[in-house]
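Peer 1: The structure's right below; bear with me while I get my questions together.
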Amino acid sequence: MDKVPMTQAGYDSLVEEAKRLKTVERPAVVKAIEEARSHGDLSENAEYHAAREKQAFIEGRLIEIEDKIARAAVIDVSQMSGSVIRFGATVKLVDEDTDEESTYTIVGEDEADIARRRLSVTAPLARALIGRQKGDSVDLTTPGGSKSYEILKVTYK
């Protein structure tokens with residue numbers, strides 16, 4: 001049973017989603033199923049089938065969330081420091097070809113959001129950065145070709 005690394009914010013988000021699914025979404029879909037049943041013949045009742053599909057999705061998502069919560073390894077990034085890149089690090093990089101700078105924070109899979117510069121710990125770039133430190137150069141093969149980055153700064157917030 002592997003642990004799932006995540007920040008406290010990521011853990012809280014999963015707990016909140018599970019609570020919402022149990023207290024809001026699940027009762028709403030049960031009500032929708034009951035209402036659709038009252039319309040008669042279930043074999044040709046699109047509302048009933050749609051509600052049952054939604055119910056299956058909610059139950060599947062709840063199982064997934066509860067599993068991740070049970071296996072969560074909550075990492076308190078505020079207690080971390082150092083120059084070596086680990087989970088929770090905020091890393092400033094420069095593309096060695098274009099001199100374009102970018103900053104990413106390495107987070108758990110469920111917290112990843114590239115638009116907010118939050119990179120999953122399982123992403124190829126994050127895996128290439130783990131264990132490196134300021135001044136190191138990182139080479140990465142992407143579908144678009146080879147990329148080289150220099151690590152400018154490593155912080156923990």
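Peer 1: What pairs from LYS22/LYS157; LYS22/LYS68; LYS31/LYS68 go past 23 Å between their alpha carbons?
Peer 2: Table pairs above 23 Å Cα-Cα are LYS22/LYS157; LYS31/LYS68.
Peer 1: Can I ask one more? Hey, can you list the DSSP H helices of the chain whose Cα span along the axis is 27 Å or longer and whose average Kyte-Doolittle score is at least -1.0?
Peer 2: Span-like helices, by this rule, are 46-70.
Peer 1: If you work out mean projected area of the Cα convex hull in nm² from the coordinates, which of (1) 12.6; (2) 8.2; (3) 10.2 do you get?
Peer 2: Here the calculated entry is (1).
Peer 1: When the chain is fully extended, how far beyond the present Cα-Cα distance does ASP99 get from THR122, taking 0.36 nm per residue of separation?
Peer 2: Once the chain is fully extended between ASP99 and THR122, it gains 5.8 nm.
Peer 1: Separate question: Compute a Gaussian network model of the chain, connecting alpha carbons closer than 10 Å, and tell me which residue from LEU21, LEU140, LEU42 fluctuates the most.
Peer 2: LEU42
Peer 1: Note the full-extension length gain between SER13 and VAL30 as 0.36 nm times their separation in residues minus their Cα-Cα distance, in nm to one decimal.
Peer 2: That works out to 3.7 nm of additional length.
Peer 1: Place +1 on the Cβ of every Lys and Arg and -1 on the Cβ of every Asp and Glu in the chain, take the dipole about the Cα centre, and give the residue among VAL121, ALA50, VAL30 whose Cα lies farthest towards its positive end.
Peer 2: Among VAL121, ALA50, VAL30, the one farthest towards the positive end of the dipole of the chain is VAL121.
Here, each number is a calculation from the coordinates, and none is a lab measurement. Here the structure is a predicted model, which means the values were calculated and not measured. Note that we place each Cβ from the backbone using ideal geometry, even for glycine, and neighbour counts take in every protein chain shown.
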